[in-house]
1. What are the GluC sites (Glu not before Pro) within segment 225-288 that DSSP puts in a loop, where the Cβ has at most 14 other Cβ atoms within 10 Å?
2. Kirkwood hydrodynamic radius (Cα pairs, Å) of segment 159-226?
3. Short version: what are the Cα gyration tensor semi-axes of segment 80-204, square root of 5 times each eigenvalue, largest first, in whole Å?
4. At 1.4 Å probe radius, can you tell me the per residue accessible area of segment 19-80 in Å²?
5. For segment 155-306, what is the Kirkwood estimate of the hydrodynamic radius, computed as the reciprocal of the mean inverse distance between distinct Cα atoms, to one decimal in Å?
6. What are the residues whose amide H is under 5 Å from the amide H of residue 174, where those residues sit 5 or more places off or on another chain and H is modelled from the backbone?
7. Can you give me the three principal axis dimensions of segment 203-258 from its C-alpha atoms, in Å, biggest first?
8. In whole Hz, what ³J(HN,Hα) sequence does segment 258-274 give by Karplus (6.51, -1.76, 1.60; θ = phi - 60°), x for Gly and Pro?
Amino acid sequence: MAAHRGAPPHSFMTGLRQILSHGAVTVLAVAIAFSLPGFANYILNEWWPEVESNANLLLGTEIALASVLALIFNLAKIAWDHRQRVLIARLASLVHARNSEAGWLARRRERDLISRLTTARDAFILTLTGYDTLVAEDSLLRPVIDKAYEIRVLLVNPVGPGLRQRAESLPSDVTVLTLHTEIEATIGVLSKLRKYGKKVKLKFYDEEPFWKLVVLGDYIWVQHCHSGFVVREQPEYVFALQHTEPRHGLFVPFYMVFLNYWNDTRHPEYDFDTNELVYRDDGGRETGREVLGMPIDVSSAPFTRPPAPPQAALLRRPVSERIPIY
């Protein structure tokens, strides 16, 4: 795990909000303390003698008191249940969650969370095509990823069985060709980042995707790639690394999922210069290459969702034609 990771820095506005909240609580406590003697005097000397001699007022007071007590006990139970949920979320290191149809408030909270990641040094991404994260203009994570120095990306192999299975399970408007085009757009964006001096590596995996993972600093975004549903329509969860108890929470398990995928020698690395897939053994020695397909036009990488091309955009050389490395 990267050694540079640390607690997110506190901004000036965060400190100012804490000062104002503490000041408001102090003022409220002082106001309650000064108002209690007068309130008690009114209840004992004015209100209660009048209630004692009026049966209707006494009945109304009892009903109101019973209603207030019931409300207080219900609020106490809700607070206790929420406390248990908070403890569970804290143990799981869950710091944010939202549905795909979440409103502007959930998006605002996610933006506040992302604002703490402006100094994230590395970005590790395991996803389907990478379009919604690395290319789409409405991606909240793209500005942070663009500022990262080291970027590792794992995409589904554009000509492997996993992508075809995934396309067949999605609505009819999503085809293998549209997924090919999205992968090409992602490769184009990554190529541009390499030209800006970023340390970019790209690998492909063959099986049908199960998780979408984005690791940025001490946070990891998780979505389930449910068969038959578009990933962006799935709930999104954000887990944080607990520095004092790294064994607690789900950050480390999901981070290890990415590392296991990345270190699996079955997943070839993409050579941006030759447009080839590079295969290596357990020792890191190159064992073979195969052409991924047509050259990627970096200068015209689309930033809006592209239409499906008239023919397959990515072709794969048969296994028998791979170039062996001795």
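The values are calculated or read from the model by the stated rules, or taken from the named source; none is laboratory data. As the structure is a prediction and not an experimental result, all values here were calculated from the model. Neighbour counts are summed over all protein chains in view; Cβ atoms, including those assigned to glycine, are modelled from backbone coordinates with ideal geometry. Protein only, heavy atoms only, side chains kept; ligands, DNA and RNA dropped before computing areas. Shrake-Rupley method; radii C 1.70, N 1.55, O 1.52, S 1.80 Å.
1. Values: sites: 233, 236, 269, 276, 286; in loops: none.
Taking segment 225-288 and a limit of 14 other Cβ atoms within 10 Å, no loop GluC sites (Glu not before Pro) are found.
2. Working: mean 1/r = 0.0720 Å⁻¹.
Hydrodynamic radius (Kirkwood, Cα pairs) of segment 159-226 is 13.9 Å.
3. On the way: eigenvalues 171, 91, 37 Å².
The equivalent ellipsoid of segment 80-204 has semi-axes of 29, 21, 14 Å.
4. Details: 5250 Å² over 62 residues.
With all protein chains present, segment 19-80 gives 85 Å² per residue.
5. Working: mean 1/r = 0.0584 Å⁻¹.
Kirkwood hydrodynamic radius for segment 155-306: 17.1 Å.
6. none
7. In descending order, the Cα extents are 39, 24, 16 Å.
8. Ordered by residue, 3J(HN,Hα) equals 4, 4, 5, 5, 5, 8, 6, 5, 6, 9, x, 9, 8, 9, 5, 7, 10 Hz.
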